[in-house]
Amino acid sequence: MVRRFTYRGETFTATVHGKPGKEEIFIVQLLDDGDEGPEISIDRFEDADNDPQMGLEDAIVKLTNKLIAEQSLDMSEPSLGFSWIEAKVMARVHDGIQH
C-alpha cells in the first residue's frame, strides 16, 4: 500500500507491505514544493520494540513522531491528528473474474 496522510498539519506518504503487525513501513514527508523531505522506516518483523497488536495507523503515528523528533521538524499545526488523504481513483482494475 502506498497512501498519503496528514499529521500535525503536514503531508506524508506511507508505504507499507507485509502481514498485519509484521509490516515494513516507510514514511516520507512531502514538502510544500512537491519534493520529498526526510524519511524513516521500520521493519516491524525484526524490531524488538514492536507490538504486533498495535494497529497500522498507530504504528504510523509512532514512527512519524520518531521522524519529527529525530529531524527536529517544525509542524504547521501541532494539535492536528492523523488523517488519511482520500486519493483520486485513476483507474479501476477488476480481479480477473468476469461477472
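Nothing in this text is a laboratory measurement; each read-out follows from the coordinates by a stated rule. Bear in mind that the values here come from a model prediction, so they are computed numbers and not experimental data. Every residue, glycine as well, gets a Cβ built from its backbone with ideal geometry; the counts of neighbours run over all protein chains shown.
Here are some notes:
- With contacts taken as Cα pairs under 8 Å at a separation of at least 6 residues, the chain carries a relative contact order of 31 percent.
- 222 nm mean residue ellipticity, helices alone, for the chain (DSSP H n ≥ 4; -39,500 (n - 2.57); rounded to 500): -5500 deg cm²/dmol
- Structure-derived Cα extents along the principal axes in Å - corresponding label in (1) 65, 21, 15; (2) 37, 27, 27; (3) 52, 36, 22: (3)
- Net charge, A59 excluded, C-beta distance under 9 Å - Lys, Arg +1, Asp, Glu -1: -2
- Local electrostatic count, G9, Cβ distance below 11 Å [Lys/Arg +1, Asp/Glu -1]: -2
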